[in-house]
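Here's the structure we're looking at; comments come further down.
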Amino acid sequence: MGEELMERLQETVLRLQLANRDLPMDRAHDEEEDLARLLIAAAWYQVNYRTSIGFAFTPLAVAA
């Protein structure tokens, strides 16, 4: 599941061209919300990896 999360996060970053400084910083609300959700899930996954009690009862921890 972690690999799928990272693949989707990488695809999203490339699609939004976040490294392109010529584009405006603002993105569409849906795009920003999707990216934010992916980043939160990645943070939860990292916390769960480091300590099993951090988010032990979240749906992400159960799925992982």
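The values are calculated or read from the model by the stated rules, or taken from the named source; none is laboratory data. Quantities reported herein were computed from a predicted structural model and do not represent experimental measurements. Neighbour counts run over all protein chains shown; Cβ positions are idealised from the backbone, glycine included. Quick note on the areas: whole protein, heavy atoms, side chains included, nothing else; ligands and nucleic acids left out. Shrake-Rupley method; radii C 1.70, N 1.55, O 1.52, S 1.80 Å.
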Checklist line | Residues satisfying the stated conditions in region 24-51, i.e. farther than 16 Å from Gly2 by Cβ, open to solvent by 60 Å² or more (accessible area, probe 1.4 Å) and assigned to a helix (DSSP H, G or I) | finding: His29, Asp30, Glu31, Glu32, Glu33
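Considering region 1-17 alone, what residues qualify as being surrounded by 11 or more Cβ atoms within 10 Å (Cβ to Cβ) and either among the basic types (Lys, Arg) or in contact (Cβ under 8 Å) with a residue 12 or more places away in the chain (or both)?
Going through region 1-17, the residues surrounded by 11 or more Cβ atoms within 10 Å (Cβ to Cβ) turn out to be 2, 5-6, 8-13, 15-17.
Correct list: Gly2, Leu5, Met6, Arg8, Leu9, Thr12, Val13, Arg15, Leu16.
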Note to self: Can you pull out every residue in region 29-64 that is aliphatic (A, V, I, L, M), within 14 Å of the chain's Cα centre (by Cα) and modelled with pLDDT of 75 or more?
What the structure shows: Leu35, Ala36, Leu38, Leu39, Ile40, Ala41, Ala42, Ala43, Val47
